[in-house]
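What follows is a short report on a single structure.
The values are calculated or read from the model by the stated rules, or taken from the named source; none is laboratory data. None of these values were measured; they are calculated from a predicted model. Cβ coordinates were reconstructed from backbone atoms using ideal geometry, including for glycine residues, and neighbour counts include every protein chain displayed.
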Amino acid sequence: MGGSGDAAIFRAAGFKQTRRGWESGCDDPSAGSLYDAGRIDQRKDLNGDGRPEAVITESGLFCYGRTENAFWLVSQQADGTWKLLYNEVGIAEFLPTKGVGGWPDISIGGPGFCFPVVRWNGKAYVRHRFAYEGKPCSPPRP
């Protein structure tokens, strides 16, 4: 899939096409910071329903700070349209553990050593636990 199929994926995530590519609207060009427009980083069936999901990533210091990345998970629906399931600042790592409907848990990486893990509850991805290298952990208190 490419071209117009990609446009539908980006639009489902709320991106708009600009002269620099697909953007979430988060970049501030006047800030002079590094920025990479959105791109489809992964495209595969994550939950075993026979329809693809896509992970869009965008990076930049202005919006995403030290993490420098955000991701959007969109899923193709039975009617062929795309739906945004989850968006977060960080780096998505799909884990072998699963939530409702076979959706994989997602570790949300970034700076540090104890990352949130979200799980699909049938309606949304919600915070489930914290882990580092597959082991439970407690995040540092602010």
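Here is a yes/no grid of residues against (1) touching a residue at least 60 places away in the same chain (Cβ under 8 Å); (2) in contact with a helix residue (DSSP H, G or I) (Cβ under 7 Å, 6 or more places away or on another chain); (3) within 25 Å of residue 7 (Cβ to Cβ); (4) part of a helix (DSSP H, G or I):
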{"position": "48", "(1), (2), (3), (4)": "no, yes, no, no"}
{"position": "54", "(1), (2), (3), (4)": "no, yes, yes, no"}
{"position": "57", "(1), (2), (3), (4)": "no, no, yes, no"}
{"position": "74", "(1), (2), (3), (4)": "yes, yes, yes, no"}
{"position": "111", "(1), (2), (3), (4)": "no, yes, no, no"}
{"position": "119", "(1), (2), (3), (4)": "no, no, no, no"}
{"position": "128", "(1), (2), (3), (4)": "no, no, no, no"}
{"position": "131", "(1), (2), (3), (4)": "no, no, no, no"}
{"position": "142", "(1), (2), (3), (4)": "no, no, no, no"}
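Does residue 49 count as within 27 Å of residue 122 (Cβ to Cβ) and among the charged types (D, E, K, R)? Answer is yes for this residue.
One residue stands out in the range 91-108 among those that are of a type in the set (Val, Ile, Thr) and part of a strand (DSSP E or B): the one that is farthest from the chain's Cα centre (by Cα), namely 97. When restricted to residues that are more than 24 Å from residue 99 (Cβ to Cβ), among the aromatic types (Phe, Trp, Tyr) and either at pLDDT 95 or above or buried (at least 17 other Cβ atoms within 10 Å of the Cβ) (or both), the range 33-78 contains 2.
Among the conditions (1) buried (at least 21 other Cβ atoms within 10 Å of the Cβ); (2) out of contact with any helix residue (DSSP H, G or I) (no Cβ under 7 Å at 6 or more places or on another chain); (3) more than 16 Å from residue 26 (Cβ to Cβ), the only one that residue 95 does not satisfy is (1). Before we move on, is residue 112 modelled with pLDDT of 95 or more and within 30 Å of residue 142 (Cα to Cα)? It is false that residue 112 is modelled with pLDDT of 95 or more and within 30 Å of residue 142 (Cα to Cα).
Just one of the numbered conditions (1) surrounded by 19 or more Cβ atoms within 10 Å (Cβ to Cβ); (2) modelled with pLDDT of 95 or more; (3) outside any helix (DSSP H, G or I) is not true of residue 27: (2).
Evaluating residue 78 against the criteria (1) assigned to a strand (DSSP E or B); (2) over 28 Å from residue 141 (Cα atoms) leaves one unmet condition, (1).
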